[in-house]
Amino acid sequence: MSKHDSPSDPPTGAQWALLEILAEGPEAGLTAAEVWAQANRVRPMARTTVITLLGRLVERGWIARMGNGRGALYRPLHESDHAAAHLADGFLNRFFGGSPSRMVLNLLGSGRVSAEEIHRLRKLLNESQAEENQK
């Protein structure tokens, strides 16, 4: 996948599901029918809904459509990590005023973070700080 400008809007939950299907598919892409078949294994949805969602993802810059008609192939324009980071940034800004520490404090306060996850977070923070110090 090549690098493109960041898409304008984050994908919705249903669009995210289709992005995951496309990311796991062949590099050449999948047809709308193939995406629909895979999506229905997880969550039933109409074929027309899948086509609409794919069209919106194309408009927003998340995926590319190659070809015309029923044989058109859809493929992601960004790595899954890029899409996840874009969603995380939007979530962080929307619900925590852009403050990572506020988000982490909320997670820690909820009691849903295990000791293992805290250890992993500490390791990630240390690695991030080491990278910053090298700049």
Given the conditions (1) farther than 14 Å from residue 86 by Cβ; (2) surrounded by fewer than 14 Cβ atoms within 10 Å (Cβ to Cβ); (3) among the β-branched types (Val, Ile, Thr), every one holds for residue 21 apart from (2)
Scan (1) at negative phi; (2) at pLDDT 90 or above; (3) surrounded by 12 or more Cβ atoms within 10 Å (Cβ to Cβ) for the single condition residue 61 breaks and write down its number. (1)
Residue set 92, 77, 87, 73; condition surrounded by 12 or more Cβ atoms within 10 Å (Cβ to Cβ) and more than 30 Å from residue 26 (Cα to Cα); output residue 92
Residues of the stretch 28-64 being free of Cβ contacts under 8 Å to residues at least 12 places away in the same chain and either under 17 Å from the mean Cα position of the chain (by Cα) or farther than 17 Å from residue 11 by Cβ (or both), in sequence order, are 34, 37, 40, 41, 44, 46, 48, 55, 59
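The values are calculated or read from the model by the stated rules, or taken from the named source; none is laboratory data. Note that the coordinates shown come from a computational prediction; the quantities given were computed from them, not determined experimentally. So basically every Cβ, Gly included, is an ideal-geometry build from the backbone, and we count neighbours across all protein chains shown.
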